[in-house]
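Since every read-out is calculated from the coordinates, none of them should be taken as a lab result. Here the structure is a predicted model, which means the values were calculated and not measured. Using ideal geometry, Cβ is built from the backbone for each residue, glycine included, and neighbour counts are taken over all protein chains shown.
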Amino acid sequence: MTTLRATFSFGTTQVIFLGLIIAMDFSLGMILKNVLEPTGLLAIVRVDLVVPVMLVLLTRLIIDRFGTLIVYELVFATLAMAAMPASYGLPGPLKLIPALAQGLTYDVLLSALAGLPRARLYAAAILGGIVSTCVLMLLKVALGMPWFCVTKVLFGTQMATSLAVNALGAWLALRVWQRIGHTHLVAHIGAQA
């Protein structure tokens with residue numbers, strides 16, 4: 001129990017940092033969704049997720065402890081329940097399920113592969129995206145979306161494009177991390193407990 005409590009305890013600086021990054025991610029998502037949704041592009045390629053994937057991974061690199069991304073994803077999904085009730089095609093609290101699955105996947109892989117700095121980012125981004133997409137589609141089918149050929153093709157297309165989008169997000173996170181990883185501010189935020 002002490003380990004679990006220590007895992008999910010954050011210092012004041014870390015809480016503020018998490019809140020700011022989540023708010024930035026959420027705001028960016030609201031803008032991009034409204035701009036790109038009328039094009040129909042998001043039904044096929046979730047290009048709006050490149051920067052959020054980068055932000056999620058950078059957050060974990062800065063606050064490098066298990067539980068960071070579980071909290072991140074759950075807070076984001078809670079905000080989505082209120083501000084975007086129809087987003088992802090899931091009603092209310094059901095948004096928490098794919099968010100929890102994705103946050104858990106991210107945290108497990110980033111912790112398990114800690115000795116492989118580049119590989120852990122790509123593995124977490126890609127597998128986290130796959131898990132989230134699968135759980136999301138499973139919930140939609142359970143809620144009554146027919147599992148017709150068109151749905152299967154859409155699912156396959158979303159899965160394939162999410163690999164590229166998440167890999168691009170991981171690549172961007174690595175590029176940004178190379179620039180900021182050794183700064184005093186990052187060390188200060190990461191050291192808080």
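Quick check: the angle from helix 117-142's long axis to the longest principal axis of the chain, C-alpha only, nearest 10 degrees? So the helix axis and the longest Cα principal axis differ by about 40 degrees. Once the Cα atoms are used to define both axes, helix 50-62 deviates from the longest principal axis of the chain by about 30 degrees.
Highest mean packing first, where packing is the average number of other Cβ atoms within 10 Å per residue, the peptides 13-24, 57-68 line up as 57-68, 13-24. Considering only T59, M24, S111, the residue lying farthest towards the positive end of the dipole of the chain is S111, judged by Cα position with unit charges set on Cβ.
Note on region 22-78: percent of Cα-Cα distances in each 5 Å bin, starting at 0 and stopping at the bin with the largest distance, equals 4, 18, 26, 23, 15, 9, 4, 1. Principal-axis analysis of the Cα atoms of the chain puts helix 149-180 at an angle of about 20° to the longest axis.
First select every other residue whose beta carbon is under 15 angstrom from the beta carbon of W177; then total the charges, Lys and Arg +1, Asp and Glu -1. Within the 15 Å Cβ shell, the charges total +4. Working from Cα pairs under 8 Å separated by at least six residues, relative contact order for the chain is 32 percent.
Where the alpha-carbon atoms of the chain are placed on the principal axes, they occupy 51, 33, 31 Å, in descending order.
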